[in-house]
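Okay, structure first, notes after.
The values are calculated or read from the model by the stated rules, or taken from the named source; none is laboratory data. None of the values given here were measured: they were computed from a predicted structure. Glycine also receives a Cβ, built like all others from the backbone with ideal geometry; neighbour counts cover every protein chain displayed.
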Amino acid sequence: MNDIEKNLQNIKNSIPEDVTLVAVSKTKPISILMQAYNSGQREFGENKIQEMVEKWEEMPKDISWHMIGHVQTNKVKYMAPFVDLIHAVDSIKLLKEINKQAKKHNRIINCLLQIKIAEEESKFGLSKEDAITILESDELKNLANVRIQGLMGMATFTNDQHQVKSEFETISTFFKALKPKYPNLTTLSIGMSGDYKIAIDAGSTMVRIGSSIFGARNYN
Ligand SMILES: *Cc1c(COP(=O)(O)O)cnc(C)c1O
């Protein structure tokens, strides 16, 4: 068994069966992704559209591709033919563009609204109020080619586990409060390598794990 297969198995053994594992493969070469694929992994996450497109073109077509990074409106068209879930949607403007591009391909593209739960200024995301405004908007009702299927969040990058836990609980409580009114909301995407156990305890249904599967990333 190679390291990636071992890592995947260890993680799968430590998460409940109904939690989806997205293998975050950004910066890693296709040969490495194929090791994960060959051990059964089918959900992959990337944070750059161009890189995801290149990998999609070369890799087997039964993979679910997740766009987990911030999305620029003018790049939506490149992933519209194949992307399965866009995690970090944070405006009605972006939803309109996703809808327009999805329509061209006769598809319905699944999206998550990114909620800002971290303290840091740099993190993207909507306030709860702005998320509700989008969910209730008439504009959204007219977008037949997008489906908002849940929420996504990133906790503050800190060793303070209590803070991480409280941020995940904040988004989880919000998610549970929305669900009765919006039955399409089934996915809560929270948890990365360093905090996925805390996220699962808080109610995560989807974890995005990179370095614990593929090793540290080298950005050079
Ligand atoms: C890179 C990234 C991850 C994975 O991070 P790891 O710490 O390597 O598990 C998860 N979510 C997002 C949005 C990312 O950009």
Top-ranked residue in the range 152-181 [being away from the ligand (no atom under 16 Å from the Cβ) and touching a helix residue (DSSP H, G or I) at 6+ places or on another chain (Cβ under 6 Å); ranked as nearest to S91 (Cα to Cα)]: F174
When residues of the range 185-220 are limited to those that are outside any loop (DSSP other than H, G, I, E, B) and of a type in the set (S, T, Y), the one nearest to the ligand (Cβ to nearest atom): S211
For the range 44-58, give me the residue count where each residue is within 16 Å of the ligand (Cβ to nearest atom) and free of Cβ contacts under 8 Å to residues at least 40 places away in the same chain. 9
Matching residues, the range 11-40, being of a type outside the set (F, W, Y), free of Cβ contacts under 8 Å to residues at least 60 places away in the same chain and farther than 23 Å from K77 by Cα: K12, N13, E17, P29, S31, L33, M34, Q35, N38, S39, G40
Hits in the range 141-180 - residues which are of a type in the set (K, R) and either in contact (Cβ under 8 Å) with a residue 12 or more places away in the chain or closer than 20 Å to D201 by Cβ (or both): R147, K165, K176, K179
Listed by range, strands (runs of 3 or more DSSP E) wholly within the range 41-92 having at least 3 residues that are surrounded by 21 or more Cβ atoms within 10 Å (Cβ to Cβ) and among the aliphatic types (A, V, I, L, M) are 85-89
Check the range 156-174 and report whether any residue there is modelled with pLDDT under 95, within 16 Å of K116 (Cβ to Cβ) and within 17 Å of the chain's Cα centre (by Cα). yes
Out of the residues in the range 167-185 that are under 25 Å from G69 (Cβ atoms) and not aromatic (F, W, Y), which is surrounded by the most Cβ atoms within 10 Å (Cβ to Cβ)? I171
Only one of (1) among the hydrophobic types (A, V, I, L, M, F, W, C); (2) closer than 21 Å to L95 by Cα; (3) touching a strand residue (DSSP E or B) at 6+ places or on another chain (Cβ under 9 Å) does not apply to A144, and that is (3)
What number of residues within the range 93-150 are on the phi > 0 side of the Ramachandran plot and crowded, with 16+ Cβ neighbours inside 10 Å? 2
